[in-house]
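Asker: I have a structure I would like to understand better, so I am pasting it below and will then ask my questions one at a time.
The values are calculated or read from the model by the stated rules, or taken from the named source; none is laboratory data. Worth saying up front: this structure is predicted, and the values here are computed from it rather than measured. Every residue, glycine among them, receives a Cβ derived from its backbone with ideal geometry; neighbour counts consider all protein chains shown.
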Amino acid sequence: MNRFAPTLVVSAALLIGAGTAQAAMPDAATLYKNPQCGCCDEYARQLEALGVEVTVVDDVPIGQVKERAGLPYGLGSCHTIEMGEYIIEGHVPFEAVEKLFEEHPDTDGIGLAGMPIGTPGMPGPKQGDWSVYQFRAGEAQPYMTL
């Protein structure tokens, strides 16, 4: 037996698993933001690196977008994304976005309030836990902590 066979099998399984998570995500998203916000553009670039085509819209009142999405008051961030049947609010780590599309929970979307350092699009090292929430009809509840 080839002594590299077990390594090849494990490597193939890891690659298939990684492809499955990304395959669960939609192919396209629309990101709404303020025209001057560069961290939002960086989040869009990182999402595109995962194979998602991102349309950036920066000429609409972002507050109206958040209100229309049913975002809970006080839990906003600098950008709002429509992706598949969900809303993604702010710099949500991609692990949480992938989980959302793998599990398809009965929710309007997920978010991460503020602009935490170290999240996708935000420079610097991670500082503390990130509390990702899910929301429905303006009410929030915990989704996951990273």
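Asker: Is it true that GLN141 is of a type in the set (S, T, N, Q), more than 26 Å from ASP27 (Cα to Cα), at pLDDT 90 or above and not in a helix (DSSP H, G or I)?
Answerer: Against the criterion (of a type in the set (S, T, N, Q), more than 26 Å from ASP27 (Cα to Cα), at pLDDT 90 or above and not in a helix (DSSP H, G or I)), GLN141 qualifies.
Asker: Something else now. (1) of a type in the set (Asp, Glu); (2) out of contact with any strand residue (DSSP E or B) (no Cβ under 8 Å at 6 or more places or on another chain); (3) under 19 Å from MET25 (Cβ atoms): which one isn't true of ASP108, the others all being true?
Answerer: Just one mismatch for ASP108, condition (2).
Asker: Is it the case that LEU75 is modelled with pLDDT under 95 and more than 14 Å from ALA29 (Cα to Cα)?
Answerer: yes
Asker: Determine the pairs where a residue that is more than 17 Å from LEU47 (Cα to Cα), located within region 104-129, has a partner that is among the charged types (D, E, K, R) with Cβ atoms under 6 Å apart, the partner being 6 or more residues away or on another chain.
Answerer: Matching pairs, first to second residue: THR107/ARG136; ASP108/ARG136.
Asker: Can you confirm whether ALA96 is among the small types (Gly, Ala, Ser) and more than 18 Å from LYS33 (Cα to Cα)?
Answerer: So ALA96 fits the description; yes.
Asker: For the subset of region 46-72 comprising residues that are touching a strand residue (DSSP E or B) at 6+ places or on another chain (Cβ under 9 Å) and in contact (Cβ under 8 Å) with a residue 40 or more places away in the chain, which member is farthest from THR107 (Cα to Cα)?
Answerer: Ranking the qualifying residues of region 46-72, first place goes to LEU47.
Asker: Residues of region 63-94 being surrounded by fewer than 16 Cβ atoms within 10 Å (Cβ to Cβ), part of a helix (DSSP H, G or I) and not small (Gly, Ala, Ser), which ones?
Answerer: GLN64, GLU67, ARG68
Asker: Could you tell me which residue of region 115-136 is nearest to the chain's Cα centre (by Cα), considering only residues that are within 14 Å of THR80 (Cβ to Cβ) and assigned to a loop (DSSP other than H, G, I, E, B)?
Answerer: Result: GLY121.
Asker: Checking VAL97 against (1) crowded, with 19+ Cβ neighbours inside 10 Å; (2) touching a residue at least 60 places away in the same chain (Cβ under 8 Å); (3) touching a strand residue (DSSP E or B) at 6+ places or on another chain (Cβ under 9 Å); (4) part of a loop (DSSP other than H, G, I, E, B), which test does it fail?
Answerer: If we test VAL97 against (1) crowded, with 19+ Cβ neighbours inside 10 Å; (2) touching a residue at least 60 places away in the same chain (Cβ under 8 Å); (3) touching a strand residue (DSSP E or B) at 6+ places or on another chain (Cβ under 9 Å); (4) part of a loop (DSSP other than H, G, I, E, B), just (4) comes out false.
Asker: Which of the residues that make up region 114-139 are among the small types (Gly, Ala, Ser) and surrounded by fewer than 19 Cβ atoms within 10 Å (Cβ to Cβ)?
Answerer: GLY114, GLY118, GLY124, GLY128, SER131, ALA137, GLY138
Asker: If we scan region 43-62, do we find a residue that is farther than 17 Å from GLY90 by Cβ, part of a helix (DSSP H, G or I) and modelled with pLDDT of 90 or more?
Answerer: The answer is yes, given that some residue of region 43-62 is farther than 17 Å from GLY90 by Cβ, part of a helix (DSSP H, G or I) and modelled with pLDDT of 90 or more.
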